[in-house]
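The values are calculated or read from the model by the stated rules, or taken from the named source; none is laboratory data. All values derive from a computational prediction rather than experimental measurement. Because the Cβ atoms are built from the backbone with ideal geometry, glycine has one as well, and the counts that use them run over all protein chains shown. What goes into the accessible areas is simple: the full protein's heavy atoms, side chains included, and nothing from ligands, DNA or RNA. Shrake-Rupley method; radii C 1.70, N 1.55, O 1.52, S 1.80 Å.
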Amino acid sequence: MPPINFRSKRLLSFAVSLSISISTFSPGCAATTVDSEDPRSINSSAIGADQLALVSTGTNGGSKSDSRSMTLPSTLQKGQEVAKIAMTGDILLDAMNKELDRSFALLKSVGTSPLYFLSYRVYDTEDINLIASYGAIESDGQNRRRMLDVEARVGDLKTDSSHKLRGDSDAPIERFFLDSRAPVEFSLDDDEPAIRTALWLVTDDAFKRAQRNLIQVKANQTVKVVEEDQSDDFSIAPPVVSVEKALKPSIDTDQWKQRLRKLSAIYKEYPEITDSDVTLDIDLDERYITTSEGTKVRTQDRQARVSTSVSTVAADGMVLYLFDSIDVFDPKDLPDDAVLEKRIRTLADNIITLKKAPVAEPYVGPAILRGRASGVFFHEVLGHRVEGHRQKDEDEGRTFAKKVDQKIMPEFISVFDDPTLAASGDRPLVGHYKFDNEGVPAQRVTVVENGILKNFLMGRSPVVNFNKSNGHSRCQPGSKPVARQGNLIIQSNKTVPFEELKRMLVEEANRQGKPYGLIFDDIAGGFALTQAFMPQSFQLLPLRVTRVWADGRPDQLLRGVNLVGTPLASLETIINAADDIDTFSGVCGAESGWVPVSATSPSLLVRTIEVAREWKEQDKPPILPPPTAAVKIETGDKL
């Protein structure tokens with residue numbers, strides 16, 4: 001996922017003590033589809049000369065592959081034998097596999113505890129980041145690197161070296177950094193000796209560390225109470241072999257610099273804006289995964305984004321931010337300058353209007369969450385709390401751990417997470433992937449069906465009654481994969497036109513004796529607190545909020561609004577949904593790092609929402625006008 005412009009402090013928030021930052025798309029709705037023209041989309045074409053696959057059928061809706069499928073033998077041992085026959089023809093992947101086989105054969109009988117699982121993950125990333133501000137290039141970054149993660153597990157499936165230590169005082173300092181260690185950078189060249197030498201050294205370190213960790217785990221279990229969920233630490237996954245063809249689109253960076261200069265110069269016409277930029281981000285990432293079970297995967301992820309952010313200072317010192325972006329999988333699909341200029345001018349006009357809006361007061365009452373806002377709402381309120389590893393972690397609140405097959409929201413709402421989807425209508429879904437970071441095929445998972453909780457998003461860490469991965473283990477390079485969201489889809493079988501939903505909002509406000517209801521039009525992000533020692537709550541950071549008066553007065557834009565609440569109460573207050581659909585996309589940060597996510601949802605009417613005033617700066621706005629405005633006044637020329 002290309003980095004979002006983090007100048008905007010409101011675009012940073014925290015999910016599980018880290019952040020989720022959301023970008024925005026143009027309004028629109030369409031049925032969820034798969035873009036078969038994009039290499040990231042899912043199709044069922046036969047094996048070609050440039051790709052090879054050996055894919056097992058999955059559970060929870062199964063999985064799809066970009067190549068012909070084959071059901072693997074019923075036992076892991078037979079699956080390993082079949083998978084290891086297939087040669088990929090990729091120098092890096094084959095070098096990884098050779099060194100993994102050598103290391104595993106020797107280390108599985110060395111040390112106080114046997115090595116029972118070994119995995120190599122290599123990320124070959126090429127990034128382009130261009131930023132322009134007020135007609136000048138501010139940053140020109142192009143970088144390519146290869147990063148290596150080695151996962152070595154000693155012990156057995158029941159208890160291994162990855163088991164979490166309970167009690168901060170018992171955890172050696174190195175364990176605090178175990179899951180967030182920096183990835184190892186190594187050869188950019190496809191030179192087998194250089195590649196294998198790096199793998200050898202990192203594997204040696206990972207094995208020794210695993211030996212120490214298991215000793216600490218066993219000592220920790222001896223002095224602590226029995227854990228409530230005694231599920232195994234790891235689960236078996238059928239081996240998969242899939243090699244995608246590498247596609248390297250040509251990017252004319254000089255041309256893009258000229259375009260960004262021209263587009264960013266538009267903000268010179270708006271002296272009320274204190275800071276602005278236009279950014280191009282392109283990520284070309286290849287993932288390589290090999291495991292001692294026989295998995296060999298090479299996938300390619302491409303994404304391009306043009307984004308723009310603006311900020312201004314209101315008379316009372318409140319700093320305001322707005323952000324807009326367009327995401328595509330292929331850079332050639334980015335829009336022309338006419339489309340981008342229109343969105344830039346719209347964003348500039350919106351922030352000037354917002355600057356003049358009154359500040360919101362604390363409020364409890366009915367509200368409408370438009371599609372992007374309701375997507376973030378479900379991401380924070382439900383999504384993080386159904387990630388599988390949180391159901392057995394004693395430090396987590398485990399809000400839904402014992403609520404499977406129970407009603408947790410109105411019966412007309414269903415929720416699923418489907419990383420195999422590449423698009424929703426004409427909106428790319430950036431949470432799309434074919435294989436997760438443990439090499440397991442991505443699968444659609446029905447989380448809530450007709451209001452009833454059915455499943456959790458699972459990696460290879462089992463929990464009670466859910467002992468297999470459904471392809472949701474994700475991470476950024478250098479972090480340990482855990483269960484994460486991909487593309488969260490919210491559906492309703494009870495809908496009305498949006499204008500009717502707005503009429504119902506006014507009706508509900510009158511019923512409750514409230515002077516107005518609220519509409520949350522756009523949103524920057526939010527955070528969720530899921531750990532047991534913290535309040536089980538969430539907070540969303542809206543960008544545009546409209547007050548709808550119950551007595552018929554004209555609608556009124558508000559600023560300085562934070563939406564707060566608790567998960568169980570909030571989900572039960574959904575009254576109805578509109579017949580529209582919208583999508584947010586961005587990056588989500590949690591304990592396994594930053595990963596791209598999307599959420600698609602209709603607008604929702606909720607009975608009760610709580611709003612708090614946003615903290616604001618105390619500094620006065622700039623005393624002098626910007627130099628561009630001063631020059632314009634002096635010369636009378638249009639800049």
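Return the total of residues in region 257-276 being in a helix (DSSP H, G or I) and open to solvent by less than 30 Å² (accessible area, probe 1.4 Å).
Taking region 257-276 first, the residues in a helix (DSSP H, G or I) are 257-269.
Within this subset, residues satisfying the condition of being open to solvent by less than 30 Å² (accessible area, probe 1.4 Å) are 260, 263-267.
Number satisfying all stated conditions: 6.
Tell me which residues, restricted to region 577-594, are surrounded by fewer than 24 Cβ atoms within 10 Å (Cβ to Cβ) and more than 18 Å from Asn493 (Cβ to Cβ). It would help to see each step written out before you state the result.
Start the filter on region 577-594 by keeping residues that are surrounded by fewer than 24 Cβ atoms within 10 Å (Cβ to Cβ), which leaves 579-580, 587, 589, 591, 593-594.
Within region 577-594, Val587, Gly589, Glu591, Gly593, Trp594 meet the criteria.
Pairs only if they're at least six apart or on different chains, beta carbon under 9 angstrom, first in region 460-488 and over 25 Å from Thr125 (Cα atoms) and open to solvent by 10 Å² or more (accessible area, probe 1.4 Å), second part of a strand (DSSP E or B) and β-branched (Val, Ile, Thr); list them, first residue then second.
Short answer, once both residue conditions are applied: Ser461/Val482.
Restricting to region 234-256, count the residues that are open to solvent by 20 Å² or more (accessible area, probe 1.4 Å) and part of a loop (DSSP other than H, G, I, E, B).
10
State all residues of region 379-402 that are aliphatic (A, V, I, L, M) and farther than 24 Å from Gly525 by Cα; if no residue qualifies, say none. Break it down into steps so the answer makes sense when it comes.
The first filter runs over region 379-402 and keeps only residues aliphatic (A, V, I, L, M), leaving 381-382, 386, 401.
Once the filter is applied, which keeps residues that are aliphatic (A, V, I, L, M) and farther than 24 Å from Gly525 by Cα, region 379-402 yields only Ala401.
Take Leu354 and decide whether it is surrounded by 21 or more Cβ atoms within 10 Å (Cβ to Cβ), in a helix (DSSP H, G or I) and over 26 Å from the mean Cα position of the chain (by Cα). Let's see the steps before the verdict.
Numbers: surrounded by 21 or more Cβ atoms within 10 Å (Cβ to Cβ): yes; in a helix (DSSP H, G or I): yes; over 26 Å from the mean Cα position of the chain (by Cα): yes.
Yes.
Quick one: Ser414 ticks every box in (1) within 27 Å of Pro183 (Cα to Cα); (2) of a type in the set (Gly, Ala, Ser); (3) surrounded by fewer than 20 Cβ atoms within 10 Å (Cβ to Cβ) bar one, so which box is it?
Just one mismatch for Ser414, condition (1).
Gly459 is checked against (1) within 26 Å of Phe329 (Cα to Cα); (2) part of a strand (DSSP E or B) and fails just one. What number does that condition carry?
Evaluating Gly459 over (1) within 26 Å of Phe329 (Cα to Cα); (2) part of a strand (DSSP E or B) leaves (2) as the failure.
Would you point out the residue of region 163-191, among those that are at pLDDT 65 or above and open to solvent by less than 60 Å² (accessible area, probe 1.4 Å), that is farthest from Arg460 (Cα to Cα)? First the steps, then the outcome.
Filtering region 163-191 for residues at pLDDT 65 or above gives 163-167, 182-191.
Of the ones still in play, those that are also open to solvent by less than 60 Å² (accessible area, probe 1.4 Å) are 163, 165-167, 183-184, 186-187.
On the way: His163: 13, Leu165: 18, Arg166: 20, Gly167: 24, Pro183: 21, Val184: 24, Phe186: 27, Ser187: 30 Å.
By that ranking, first place goes to Ser187.
Conditions: (1) without any contact (Cβ under 8 Å) to a residue 12 or more places away in the chain; (2) closer than 13 Å to Leu453 by Cβ. Gln406 meets all but one. Number of the miss?
It is condition (1) that Gln406 fails.
Looking only at region 412-437, which residues are among the hydrophobic types (A, V, I, L, M, F, W, C), part of a strand (DSSP E or B) and out of contact with any Lys or Arg (no Cβ under 7 Å at 6 or more places or on another chain)?
So the first thing to find is which residues in region 412-437 are among the hydrophobic types (A, V, I, L, M, F, W, C), and the list is 412-413, 415-416, 421-423, 429-430, 435.
Applying the additional criterion that residues be part of a strand (DSSP E or B) yields 413, 415-416, 423, 435.
Listed by number, the residues that qualify are Ile413, Val415, Ala423, Phe435.
So if I check each of Lys392, Lys342, which one is more than 30 Å from Gln556 (Cβ to Cβ) and open to solvent by 10 Å² or more (accessible area, probe 1.4 Å)?
Values: Lys342 fails: more than 30 Å from Gln556 (Cβ to Cβ).
Sole residue among the options that is more than 30 Å from Gln556 (Cβ to Cβ) and open to solvent by 10 Å² or more (accessible area, probe 1.4 Å): Lys392.
For region 142-162, which positions are farther than 19 Å from Thr295 by Cβ and open to solvent by 20 Å² or more (accessible area, probe 1.4 Å)?
Matches in region 142-162: Gln142, Asn143, Arg144, Arg145, Asp156, Lys158, Thr159.
Okay, residues lined up against (1) in contact with a Cys (Cβ under 8 Å, 6 or more places away or on another chain); (2) farther than 30 Å from Glu151 by Cα; (3) modelled with pLDDT of 95 or more:
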| site | (1), (2), (3) |
| --- | --- |
| Lys245 | no, no, no |
| Lys248 | no, no, no |
| Ile251 | no, yes, no |
| Gln258 | no, yes, yes |
| Leu263 | no, yes, yes |
| Ser276 | no, yes, yes |
| Thr291 | no, no, yes |
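Could you list, in sequence order, the residues of region 523-573 that are within 21 Å of Val597 (Cα to Cα), in a strand (DSSP E or B) and either touching a His at 6+ places or on another chain (Cβ under 9 Å) or at pLDDT 95 or above (or both)?
Within region 523-573, Gly526, Ala528, Phe538 qualify.
Out of Ala83, Ala132, I need the residue that is among the small types (Gly, Ala, Ser) and at pLDDT below 95. Which one?
Ala83
Filter region 543-574 down to the residues that are touching a helix residue (DSSP H, G or I) at 6+ places or on another chain (Cβ under 7 Å) and either over 17 Å from Gly375 (Cβ atoms) or open to solvent by less than 10 Å² (accessible area, probe 1.4 Å) (or both) and list them by number.
Matches in region 543-574: Val548, Ala550, Leu557, Arg559, Pro567, Leu571.
Across region 594-631, which residue is farthest from His379 (Cα to Cα) among those that are in contact with a strand residue (DSSP E or B) (Cβ under 9 Å, 6 or more places away or on another chain) and among the polar types (S, T, N, Q)?
Here is the first cut: in region 594-631, the residues in contact with a strand residue (DSSP E or B) (Cβ under 9 Å, 6 or more places away or on another chain) are 594-617, 619-622.
Going one step further and asking which of them are among the polar types (S, T, N, Q), we end up with 598, 600-601, 603, 608.
Values: Ser598: 9, Thr600: 10, Ser601: 11, Ser603: 14, Thr608: 18 Å.
Result: Thr608.
Name, by its number, the condition in (1) closer than 30 Å to Asp190 by Cα; (2) at pLDDT below 95; (3) open to solvent by 20 Å² or more (accessible area, probe 1.4 Å); (4) assigned to a strand (DSSP E or B) that does not hold for Leu284.
(3)
Taking region 294-308 on its own, how many of its residues are open to solvent by less than 10 Å² (accessible area, probe 1.4 Å), more than 25 Å from Arg343 (Cβ to Cβ) and not aliphatic (A, V, I, L, M)?
4
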